[in-house]
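Report on the following structure.
The values are calculated or read from the model by the stated rules, or taken from the named source; none is laboratory data. Bear in mind the structure is a predicted one, so any value in this text is a computation, not a measurement. Virtual Cβ from ideal backbone geometry, glycine too; neighbours counted across all protein chains shown.
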Amino acid sequence: MTGRESAREILILVADTGTFTELPYPHRDSTPDGPLRWPGYDASRARAAERTGESESVVCGTATVEGTRAVLIAFEFGFLGGSLGERTGDRLEAAFTYAREHRLPVVPLVATGGSRMQEGMVALTQLQRVARQSALTREAGLPQIAVLRDPTTGGGWATLGAGADVVLALPGAQIGFAGSRVRPSDADPAAYTAEAQVAAGSADTVVPPGELRGTLGGWLRLLTDGTTAPPEPAPVPEALGTVPGLPASGWDAVRRARAADRPRAERYLDAYFTYRLAISGDRCGGTDPDGMLCGFGEHRGRTVAYAAQTGAATRPAGYRTATRLIRLADRLGIPVLTLVDTPGAANDAEAERQGAGAAIAELFGAVATARTPLTTLVIGEGGSGGALALAAPGRTWAVPDSYFSVIAPELAAAILKRPPAQVPETAGQLRIRPQDVAELGLIRTRDGRTP
């Protein structure tokens, strides 16, 4: 693939063979040379049509992708740079309307330079139409998965691209709000790439063309598994620790939770899911790959969303990514599994500048208001509000190799002005062992025992 595939070529790449059916397009009478009577505009459109074989900059239809039916919107960059005009807006609105009427997910395959200059503000206001259609589709509980091609810039990126639930990008694609002709002359071109957008948390992953159909099909299968009825809660994972019995003391619980060989999130996720795909980024410029793992997977034949702390201090971007995940799962009717494992929220100066308090507050709110059921398992350290924010009230369990505390024992001792030698005693007084927290009625047990 060249990276500048036509609309038909990208449809062949992602759709199952022979399944694409083009939608009927609305008819619009127009004045000569368009709404602004731009000299030569009709001739430009005629040349674009002759060159591409298309009559507009988008091709819309339905197809199956790895067996899941969806509405596909493929941009034709060869038609006036894939720009959005009034007729483009007509087609996009019709495609989203069809998706809602037939309960289908929407997949924009974006390659655009932005709004069409020859239609001026009429073209620019198509972004409002697109944004409304996307919002209505979101409210209808239907997923939107965007594929960013080369280039994806301007309003197409700021609506169909960045506004999607999951954002996939082709390697090396030029992606950014500012196109190459309108950026500052000294702008770093590396900042306007697919890889840079993933690093900045604005896209989820880069997918090679040969893997696009499989990845897109996987996402469609996972995100269309929800139901309008209240979903069943995700089952609690089995404990994977190898140390028998419950911790004898509070400090023993801390040491077991901090043991280097204690199972972490990746092992729990691998054991729980037969197949999973990750989302990445908080859509605010940040990622936290070392502190929070988020995504969707298959467990016993159905989709479960997951947000899992990794044992490190969780950064603001990690909390915001978890919030994004829970809200998406809630809208799609998919149950959520959260794994708690952090000594606490990152508390360095940079974390404060990145809005740690606000990020944690947003996650508390998302957990508190979620209609879809959440299931939580504490698999290691449960340090303070940075851990509690990810825990489901009334549906939290804990493994024997864990603790749950108002704060780490060392910090509690420091706050109470106790010497370091009293840290183990402080841990015991805090009653942080799994069995202690269960006796306090704050976590659930199986048959009177922790999982």
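Out of G67, G53, G61, one residue alone is in the same structural domain as E119 (by TED's automatic domain parsing), within 26 Å of the chain's Cα centre (by Cα), within 26 Å of V106 (Cβ to Cβ) and surrounded by fewer than 16 Cβ atoms within 10 Å (Cβ to Cβ). It is G67. Which numbered condition in (1) in the same structural domain as G385 (by TED's automatic domain parsing); (2) part of a loop (DSSP other than H, G, I, E, B); (3) of a type in the set (S, T, Y) is the only one that Y268 fails? Failed condition: (2). Among the residues of region 415-430, are any of a type in the set (A, V, I, L, M, F, W, C), touching a strand residue (DSSP E or B) at 6+ places or on another chain (Cβ under 9 Å), crowded, with 23+ Cβ neighbours inside 10 Å and on the phi < 0 side of the Ramachandran plot? Yes; the residues of region 415-430 include at least one that is of a type in the set (A, V, I, L, M, F, W, C), touching a strand residue (DSSP E or B) at 6+ places or on another chain (Cβ under 9 Å), crowded, with 23+ Cβ neighbours inside 10 Å and on the phi < 0 side of the Ramachandran plot. Within region 381-406, the set of residues being surrounded by fewer than 20 Cβ atoms within 10 Å (Cβ to Cβ) and either in contact with a helix residue (DSSP H, G or I) (Cβ under 9 Å, 6 or more places away or on another chain) or outside the structural domain of L328 (by TED's automatic domain parsing) (or both) comprises G385, P393, V406.
Annotation: of all residues in region 343-356 being farther than 19 Å from L293 by Cα and not polar (S, T, N, Q), the one that is surrounded by the most Cβ atoms within 10 Å (Cβ to Cβ) is G355.
Screening A368 on (1) surrounded by 24 or more Cβ atoms within 10 Å (Cβ to Cβ); (2) more than 21 Å from D261 (Cα to Cα); (3) of a type in the set (G, A, S) shows it passes everything except condition (1).
A203 - would you say it is in a loop (DSSP other than H, G, I, E, B), modelled with pLDDT of 95 or more and surrounded by 18 or more Cβ atoms within 10 Å (Cβ to Cβ)? So A203 fits the description; yes. Cβ-Cβ contacts under 7 Å between residues 6 or more apart (or on different chains), taken from a first residue in region 161-180 that is within 17 Å of D204 (Cβ to Cβ) and in the same structural domain as L332 (by TED's automatic domain parsing) to a second residue that is in a loop (DSSP other than H, G, I, E, B) and not hydroxyl-bearing (S, T, Y), are absent.
Residue pairs whose Cβ atoms lie under 6 Å apart, separated by 6 or more positions or on different chains, with the first residue in region 190-202 and touching a residue at least 60 places away in the same chain (Cβ under 8 Å) and the second among the β-branched types (V, I, T) and not in a loop (DSSP other than H, G, I, E, B), are V198/V206. On the stretch given as region 98-117, residues that are outside any helix (DSSP H, G or I) and either more than 14 Å from F75 (Cβ to Cβ) or not assigned by TED's automatic domain parsing to the domain that holds A169 (or both) total 4.
Among the residues of region 19-49, those identified as in contact with a strand residue (DSSP E or B) (Cβ under 9 Å, 6 or more places away or on another chain), assigned to a loop (DSSP other than H, G, I, E, B) and not hydrophobic (A, V, I, L, M, F, W, C) are T19, Y25. Would it be correct to say that R444 is part of a loop (DSSP other than H, G, I, E, B), outside the structural domain of Y268 (by TED's automatic domain parsing), within 32 Å of the chain's Cα centre (by Cα) and within 30 Å of L328 (Cβ to Cβ)? Against the criterion (part of a loop (DSSP other than H, G, I, E, B), outside the structural domain of Y268 (by TED's automatic domain parsing), within 32 Å of the chain's Cα centre (by Cα) and within 30 Å of L328 (Cβ to Cβ)), R444 qualifies. Out of G179, G172, G210, G154, one residue alone is at positive phi, more than 19 Å from the chain's Cα centre (by Cα) and surrounded by fewer than 21 Cβ atoms within 10 Å (Cβ to Cβ). It is G172. Of everything in region 118-131 that is without any contact (Cβ under 8 Å) to a residue 40 or more places away in the chain and part of a helix (DSSP H, G or I), the residue that is farthest from A169 (Cα to Cα) is M121. Just one of the listed residues (V340, V336, V378) is at pLDDT 95 or above, crowded, with 18+ Cβ neighbours inside 10 Å and either out of contact with any Leu (no Cβ under 6 Å at 6 or more places or on another chain) or among the hydroxyl-bearing types (S, T, Y) (or both), namely V378.
Within region 132-160, being under 19 Å from L332 (Cα atoms) and in a helix (DSSP H, G or I) holds for R132, Q133, S134, A135, L136, T137, R138, E139, L160. Could you please let me know if G297 is farther than 11 Å from G201 by Cα, at pLDDT below 95 and not hydrophobic (A, V, I, L, M, F, W, C)? No, not satisfied. Of note, L124 satisfies the criterion of being surrounded by fewer than 23 Cβ atoms within 10 Å (Cβ to Cβ), under 23 Å from R45 (Cβ atoms) and of a type in the set (A, V, I, L, M).
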